[in-house]
Amino acid sequence: MAHGKAGSAKSNVQNLMSNLQPPMSNLYEPIIGLEVHVELNTNSKMFCSCSADYFGKTPNTHTCPVCLGLLGALPLINKKALESCIKVGLALGCKVSNTSRFERKNYFYPDLPKGYQISQYRWPLCVGGKMEVTDKNGNTNSIRINRVHQEEDTGKMSHIGSVTRIDFNRSGVPLVEIVTEPDFRDTDEIRDYAKKLQQIMRYLGVSNADMEKGDMRLEANISVRTSRSHRTRYDSVGGRSELPPYRVELKNINSFRFMVAAVEYEIKRQTEALEKGERLIQETRGWDENKKQTYVQRVKEEANDYRYFPDPDLPQFDIDNEWVSTLKKELPELPEEKTARFVAQYGISESNAKILTDTKELADYFEEAARVGVEHDIDVKKIANTLINKKFDQEKILPANLIKILKEETDKPVLSDEELEKAVRDSIKENPKVAEDYKKGKETVLQFLVGQVMAKTKGLADPKKATKKLIDFLQGNR
Ligand SMILES: [Zn+2]
């Protein structure tokens with residue numbers, strides 16, 4: 001008895017200990033921020049009149065003294081690009097600044113002919129937005145967007161053997177950079193954010209946001225800190241002291257899948273290092289898809305290493321409210337609003353509405369088909385399901401023709417089970433020799449009998465159903 005008591009006392013202590021110490025996997029939590037670069041689809045480049053449509057073009061044919069960084073060449077701001085950037089900011093719920101200006105971000109790299117990149121640091125076009133994302137547990141969390149700013153792209157280097165070539169066609173193409181606060185806690189949130197961002201870019205029509213072509217590029221900043229249960233998601237607002245003293249930047253990753261794999265790898269690597277008591281350092285890492293691991297690219301410079309200063313060739317400019325409200329009016333209905341409207345207006349489920357609003361083209365197609373469908377008494381849910389199940393090639397069939405097909409299907413007389421059974425029975429009765437052959441094991445004759453059933457039902461029977469019924473009857477199950 002006494003022994004048993006001592007045992008239970010011990011287990012109470014163990015319980016107490018395990019309550020005090022969270023399991024190892026919960027001791028650390030990742031802190032992740034994203035920087036996304038989106039290349040705008042404007043006709044001309046950011047600061048010159050060269051064509052920005054460079055993909056697949058002969059290298060160094062879309063260039064001029066401005067985007068080659070020749071001495072004395074003066075930049076001129078592409079207003080269309082600013083409008084696209086402001087639209088992105090508005091779509092993400094940002095505040096558009098009253099005044100903005102460009103700065104020079106100085107660093108030396110062969111793909112940067114001027115020795116600096118024209119970017120924005122202290123006076124971004126848009127600040128302070130947010131986006132709702134879903135985490136791995138299915139919870140919705142808000143990711144704060146720090147800024148949306150305008151900058152220019154660099155040239156593109158390609159390494160062939162020991163030779164490196166530079167193509168300046170991309171140099172000066174307008175880029176929008178969207179920077180979040182370090183609010184991501186898992187890769188499901190990252191995936192959701194990136195997909196939604198891509199969708200918004202396409203809805204706005206400001207970029208194709210194609211990752212394989214480099215229209216959209218993701219960079220992640222990751223660090224790991226000890227987690228305390230009382231911490232809230234946003235406690236970093238209180239000051240940088242809450243953030244770890246280092247961060248690892250993941251760069252040059254060109255697919256959602258690789259980014260997710262790289263972030264997962266980093267969370268694991270950093271957590272294990274901290275568990276061993278190692279010190280982590282500020283560095284830039286890339287992803288090796290063959291080895292499925294990240295590798296060091298360089299030790300990171302701090303922001304002040306770039307010696308940002310206002311570009312003297314590009315004076316500060318004001319953004320008047322009227323211009324912003326005009327751009328606001330030009331915004332299309334965005335995916336989230338459209339999804340909510342589809343649910344309310346057409347009575348379809350939210351998950352179906354999400355599929356139908358995946359692209360603006362599909363959503364428009366659905367609405368046009370629904371409009372024509374009403375005139376022909378076709379249920380809108382039937383249209384939705386047809387589109388969701390991709391029963392036909394949407395690119396080849398116009399919405400009106402889709403309704404015609406659905407109408408024919410609806411009008412087609414339905415064959416009852418009794419009618420099918422009668423046709424099956426008659427086909428067997430009228431062909432006793434064939435039926436006998438089947439019973440002797442000659443299964444190929446079944447096709448002949450199915451043909452008979454199809455003829456008797458004027459093609460209304462479902463061949464699979466007819467086959468099954470025939471076998472049932474022939475085997476004497478009926
Ligand atoms: Zn140019």
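Any read-out appearing in this document is the output of simple, stated calculations on the displayed coordinates, not a laboratory observation. Keep in mind that what you see is a predicted model, and the values were worked out from it rather than measured. Counting neighbours? That spans all protein chains shown, and the Cβs are built from the backbone with ideal geometry, glycine included.
Counting only C-alpha contacts under 8 Å and six or more residues apart, can you give the relative contact order of the chain as a whole percent?
14
Relative contact order for the stretch 75-215: what is it in percent, counting Cα pairs under 8 Å that are at least 6 residues apart? Please report the intermediate quantities before stating the final value.
Numbers: 250 pairs, mean separation 29.1, N = 141.
Computed value for the stretch 75-215: 21 percent relative contact order.
Treat the count of other C-beta atoms within 10 Å as a stand-in for reagent exposure and order SER97, SER416, SER427, SER255 from fewest to most. Don't jump to the answer; show the numbers that get you there.
Details: SER97 20, SER416 10, SER427 25, SER255 13.
Lowest to highest Cβ neighbour count: SER416, SER255, SER97, SER427.
Can you tell me the length gained on complete extension of the stretch GLU408 to ASP377, counting 0.36 nm per residue apart and subtracting the Cα distance? Don't jump to the answer; show the numbers that get you there.
Details: separation 31, 0.36 × 31 = 11.16 nm, distance 1.18 nm.
Fully extending the segment from GLU408 to ASP377 adds 10.0 nm.
Would you mind checking which residues have amide H under 5 Å from ARG247's amide H? H placed 1.01 Å from N; only 5 or more apart, or other chain.
Hits under the 5 Å cutoff: GLN282, GLU283.
What full-extension length gain, to one decimal in nm, is calculated for ASN385 and ALA273 as 0.36 nm per residue of separation minus the Cα-Cα distance?
Numbers: separation 112, 0.36 × 112 = 40.32 nm, distance 5.01 nm.
Answer, rounded to one decimal: 35.3 nm.
What number, rounded to the nearest 500 deg cm²/dmol, is the helix-based mean residue ellipticity at 222 nm of the chain, given -39500 (n - 2.57) per DSSP H run of at least four residues and division by all its residues? Mind dumping the intermediate values first?
Details: 15 runs with 186 residues, N = 478.
Rounded to the nearest 500, it is -12000 deg cm²/dmol.
Enter the angle in degrees (range 0 to 90, nearest 10) between the Cα long axis of helix 335-346 and the first principal axis of the Cα atoms of the chain, meaning the one along which they spread out most.
Compared with the principal axis, the helix lies near 30 degrees.
Tell me the angle of helix 360-375 to the major Cα principal axis of the chain, expressed in degrees between 0 and 90 and rounded to the nearest ten.
Between helix and principal axis, roughly 40 degrees.
To the nearest 0.05, how large is the calculated FRET efficiency for ASP462 and ASN401 if R₀ is 25 Å and r is the Cβ-Cβ distance? Don't skip to the end; give the middle numbers.
On the way: r = 24 Å, r/R0 = 0.97.
E between ASP462 and ASN401, to the nearest 0.05, is 0.55.
For THR359, which sequence-distant residues (separation of 5 or more, or a different chain) have an amide H within less than 5 Å of its own amide H, given hydrogens modelled in the peptide plane?
none
Pull out the extension gain between PHE55 and LEU70, defined as 0.36 nm times the separation in residues minus the alpha carbon to alpha carbon distance; nm, one decimal.
3.1 nm is the gain from fully extending PHE55 to LEU70.
With a 10 Å Cβ neighbour count serving as the proxy for reagent exposure, in which order, fewest first, do CYS85, CYS48, CYS64 appear? Show your work: numbers first, answer last.
Values: CYS85 28, CYS48 22, CYS64 14.
Fewest to most other Cβ atoms nearby, the residues stand as CYS64, CYS48, CYS85.
Taking a Cβ-Cβ separation under 4.7 Å as the criterion for a possible partner, which cysteines of the chain have none?
If one checks each Cβ against the other cysteines of the chain, CYS48, CYS50, CYS64, CYS67, CYS85 turn up with nothing under 4.7 Å.
For a quick check: with amide H placed at 1.01 Å from N, whose amide H comes under 5 Å from LEU125's, ignoring anything fewer than 5 positions away on the same chain?
Excluding prolines and chain starts, which carry no amide H, the hits are GLN150.
For TYR365, TYR193, what ranking results if the residue with the fewest other Cβ atoms within 10 Å of its Cβ goes first?
Working: TYR365 20, TYR193 23.
In order of increasing Cβ crowding within 10 Å: TYR365, TYR193.
Label points 7 Å out from Cα along the Cβ direction at LYS130 and ASN106: separation in nm?
Taking the two extended label points, one gets 3.9 nm.
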